[in-house]
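Engineer: Quick one: the structure is below, and I'll ask about it shortly.
The values are calculated or read from the model by the stated rules, or taken from the named source; none is laboratory data. This structure is a prediction, so every number in the text was calculated from the model and none was measured. Here the Cβ is made from the backbone with ideal geometry for all residues, glycine too, and neighbour counts use every protein chain on show.
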Amino acid sequence: MSTQDKVTIHQLPTGVPGLDEIVGGGLPEFSFNIIAGAPGSGKTTLAHQFVFANATPERPALYFTVLGESAIKMLRYQQQYSFFDPAKLPDSIRFINLSQVVLEKDLGAVLEEITKEVEKANPAVVVVDSFRTMVRKPASDMDLQSFIQRLALFLASWQATTFLIGEYAEDELRDNPIFTVADGLFWLRQTAERNSIVRKLQIIKLRGQDSVPGLHTFRITDAGVQAFSRTFGLTAYKRNPPSNRRLSFGIPELDKMLDGGVREGDSVLVAGSSGTGKSVLATQFIAEGIRRGEPGIVAVFEERPQAYAERATSLGLDLDTPQKDGKLEILYLRPLDLSVDETMHSILSAVQKIGAKRLVIDSLAGFEMALSPGFRADFRESLYRMIFALTGIGVTILSTVEVDESFTEFPFSTYSISFLTDDIIRLRYVSIDGQLRKIMVVIKMRGGNHAKDIREYEITSAGVVILGKRLTDYQGLISGIPVRSDQHGSTEEPSLDTGIEHKT
Amino acid sequence: MKTPLETRDLAHRLLTYEAVDSKTSEPVESVAIRVYEKLRQCICEFGGVASFQPLAFRALTQAKAEAPGLWAVQIAADGSLQGLGEFDSQPGEFEPQLGSYKDQTSEGGVVLVARILGLLLIFLGETLTFSLLRTAWPGAALDDRNSGHGRKA
């Protein structure tokens, strides 16, 4: 059968930001879905969002409530969400309570009642909230599995997209015959990680289309459920081919060390101990981009955007004007219970909004601290996904990372993430002539030449200033405790080291 | 505590609308009972008896304190009213200065309906409450807020 002969399955918007991406574009029309999870995991809210996104007066939604939560209280709370449009009641959305039928009769009568209402209203969407409570009534003539099967057959025939909501614990997932009937199975989880709550969503099953596998974090806000795909909403994007364009730091000597600047689309790591000027360098990088017409994003975790901009002002860099002009966004990402996916969503939204070409993450340590404890274990893996996704769309990322100063080692990062970065610039203190001075060296530049030189620099009111020539009078500079060598003199131009082929 | 004028006004309008409507149908129940029944049906439909019955019971308790004529009235398990002998078939003459009816029996019906409406407004808010009322009284103009009390009689 050719592709032209295949039936077209239309997709309906889920009404949940981020979820369309996860389910593969939208929910299959006429599908029979189960939303399962523990109480308080957001099942009802998710179903409401779908209902409000799809119900029309011509093809309304029927929302059957059974036992459990009072419908009046449910509406009292649900109307607080911004998606809740009261004008849709009752013409587009009708709430029907079946508790009396459940209490007085059996599941057969419940099915009969649903059938009657569906035939009367010809709905596009049907929700039964919560079908699980019905099975708790003993001695029904019809068991739950049979009820679900007959309901699924009936509603599919009536061209209704259906959600059944049920409270299920994790261990009930296996070998549950009810789930075999469903076309889609959405599992919502909520776990406490130390003092943080982590919510995750999994599409365990979705017939007819590819969904993004794995656990996706989600959050419940005033706008309802918001899901954050593990693919960061970038499945529709094509990776940009590697670019040979160089991005300047606005520090001529450093650009020379980098053989003209950072390669566009690279991930750069600036590593150094406290006070070595990592943030200053990052600020200069972003400011130079703006000066050259390349919008930028700064993700800060340890200070507020205003403080960040004020610090830039003290270096003679104006970050206020580009913010007003929409050329720069300084994102302060709320600490303590973030997921990487959520952070990525904020960054990507900002990147897309202003067409950002440069991104500064200041710092990775702050980023890690801002995450919920449960996500910290996956920090490296999350960083990998994030960097791969962002550089793939042509964004050049500069991340700062604090490393403990050691006088026996020369570490690049405490996260063992150097493999994630294309370029590494290492800053460190050295003890020279009774002074604590600073040196800089380009450790790595994937796919390009870079200087081997160790250069001394200072942080002045003009930012990072690289001093004259490479240091040739000392040996053991990277140990931090160099010794004066017999060789004197210096080289004006940085000598370039040949890097390896640029990654694709 | 007396019923707020706005909900009394709304209750009065529902009773008046129902009384006018009854001229074209067979009026076998009192106007207040029929208003109550319509409220019961539409609330039970979306919220079930389990939602309506406690709401009605609470409203009746409040109403009894304000309208002694309701002393014999009770709420059955299915949410229906019992002991309704005191109600007139038509609402009595409304006294705008007092914001109430001249005779006590009509006053009781208005107060009970007003109390139910008041609880709906508290729990569901104005938009959803009026949406609910429009289901029960599709032709009635209920939420015109240009009157002196916020809603036109």
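Engineer: Is it true that some residue in the range A:330-342 is more than 21 Å from A:Arg230 (Cα to Cα), buried (at least 22 other Cβ atoms within 10 Å of the Cβ) and without any contact (Cβ under 8 Å) to a residue 40 or more places away in the chain?
Structural biologist: The answer is yes, given that some residue of the range A:330-342 is more than 21 Å from A:Arg230 (Cα to Cα), buried (at least 22 other Cβ atoms within 10 Å of the Cβ) and without any contact (Cβ under 8 Å) to a residue 40 or more places away in the chain.
Engineer: Within 23 Å of A:Ser279 (Cβ to Cβ), at pLDDT 80 or above, within 18 Å of the chain's Cα centre (by Cα) and not basic (Lys, Arg): which single residue out of A:Leu371, A:Leu359 fits that description?
Structural biologist: The match here is A:Leu359.
This table checks each residue for (1) touching a strand residue (DSSP E or B) at 6+ places or on another chain (Cβ under 6 Å); (2) modelled with pLDDT under 90; (3) within 14 Å of chain A (Cβ to nearest Cβ).
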| site | (1), (2), (3) |
| --- | --- |
| B:Ala56 | yes, no, yes |
| B:Ala59 | no, no, yes |
| B:Gln62 | no, no, no |
| B:Ser89 | no, yes, no |
| B:Gln97 | no, yes, no |
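Engineer: Could you list all residues from the range A:168-189 that are within 21 Å of A:His216 (Cβ to Cβ) and either crowded, with 17+ Cβ neighbours inside 10 Å or among the basic types (Lys, Arg) (or both)?
Structural biologist: A:Tyr168, A:Phe179, A:Ala182, A:Asp183, A:Gly184, A:Leu185, A:Phe186, A:Trp187, A:Leu188, A:Arg189
Engineer: Checking the structure you have, find out if any residue of the range B:21-29 is modelled with pLDDT of 90 or more and more than 10 Å from B:Leu112 (Cα to Cα).
Structural biologist: Scanning the range B:21-29 turns up no residue that is modelled with pLDDT of 90 or more and more than 10 Å from B:Leu112 (Cα to Cα).
Engineer: When the range A:1-40 is examined, which residues are found to be in contact with a strand residue (DSSP E or B) (Cβ under 6 Å, 6 or more places away or on another chain), within 17 Å of A:Ala223 (Cβ to Cβ) and surrounded by fewer than 24 Cβ atoms within 10 Å (Cβ to Cβ)?
Structural biologist: A:Thr14, A:Pro17, A:Gly18 - these are the residues of the range A:1-40 that are in contact with a strand residue (DSSP E or B) (Cβ under 6 Å, 6 or more places away or on another chain), within 17 Å of A:Ala223 (Cβ to Cβ) and surrounded by fewer than 24 Cβ atoms within 10 Å (Cβ to Cβ).
Engineer: Still on this structure, I have one more. In the set A:Ser229, A:Ser243, A:Ser248, which member is out of contact with any Ser or Thr (no Cβ under 7 Å at 6 or more places or on another chain), modelled with pLDDT of 95 or more and under 22 Å from A:Leu390 (Cβ atoms)?
Structural biologist: Exactly one residue qualifies, and that residue is A:Ser248.
Engineer: Starting from residues that are assigned to a helix (DSSP H, G or I) and under 20 Å from A:Glu167 (Cβ atoms), keep the ones in the range A:76-100 and report whichever is nearest to the other protein chains (Cβ to nearest Cβ).
Structural biologist: By that ranking, first place goes to A:Ser99.
Engineer: Another one. Restricting to the range B:67-76, name every residue that is surrounded by fewer than 18 Cβ atoms within 10 Å (Cβ to Cβ) and modelled with pLDDT of 90 or more.
Structural biologist: B:Gln74, B:Ala76
Engineer: Given the conditions (1) within 14 Å of chain A (Cβ to nearest Cβ); (2) modelled with pLDDT under 90; (3) outside any helix (DSSP H, G or I), report the number of the one that B:Glu45 does not fulfil.
Structural biologist: (3)
Engineer: Still on this structure, I have one more. Filter the range A:45-75 down to the residues that are in a loop (DSSP other than H, G, I, E, B) and either in contact (Cβ under 8 Å) with a residue 24 or more places away in the chain or outside the structural domain of A:Asn122 (by TED's automatic domain parsing) (or both) and list them by number.
Structural biologist: Across the range A:45-75, the qualifying residues are A:Ala55, A:Thr56, A:Pro57, A:Arg59, A:Pro60, A:Val66, A:Leu67, A:Gly68, A:Glu69.
Engineer: On to the next question. Kindly indicate whether any position in the range A:117-131 is within 13 Å of chain B (Cβ to nearest Cβ) and among the aromatic types (Phe, Trp, Tyr).
Structural biologist: Looking through the range A:117-131, none of the residues is within 13 Å of chain B (Cβ to nearest Cβ) and among the aromatic types (Phe, Trp, Tyr).
Engineer: In the set A:Gly15, A:Gly26, which member is touching a residue at least 24 places away in the same chain (Cβ under 8 Å) and either under 29 Å from the mean Cα position of the chain (by Cα) or closer than 14 Å to A:Gln159 by Cβ (or both)?
Structural biologist: None of the others qualify; the one that does is A:Gly15.
Engineer: Could you tell me how many of the residues in the range A:447-475 are of a type in the set (Lys, Arg) and surrounded by fewer than 18 Cβ atoms within 10 Å (Cβ to Cβ)?
Structural biologist: 2
Engineer: Take the residues in the range A:92-116 that are touching a residue at least 24 places away in the same chain (Cβ under 8 Å) and surrounded by fewer than 17 Cβ atoms within 10 Å (Cβ to Cβ), then tell me which one is farthest from B:Gln41 (Cα to Cα).
Structural biologist: A:Gly108
Engineer: Got a sec? Which of A:Ala282, A:Ala312, A:Ala350, A:Ala307 is surrounded by fewer than 15 Cβ atoms within 10 Å (Cβ to Cβ) and either in the same structural domain as A:Gly214 (by TED's automatic domain parsing) or part of a helix (DSSP H, G or I) (or both)?
Structural biologist: A:Ala307
Engineer: If a residue has to be in a helix (DSSP H, G or I) and over 17 Å from A:Gln202 (Cβ atoms) to count, how many in the range A:31-44 make the cut?
Structural biologist: Selection size over the range A:31-44: 1.
Engineer: Every residue in the range A:182-195 that is part of a strand (DSSP E or B), of a type outside the set (Asp, Glu) and in contact with a Phe, Trp or Tyr (Cβ under 9 Å, 6 or more places away or on another chain), please.
Structural biologist: If the condition is that a residue be part of a strand (DSSP E or B), of a type outside the set (Asp, Glu) and in contact with a Phe, Trp or Tyr (Cβ under 9 Å, 6 or more places away or on another chain), then A:Gly184, A:Leu185, A:Phe186, A:Trp187, A:Leu188 are the ones that fit.
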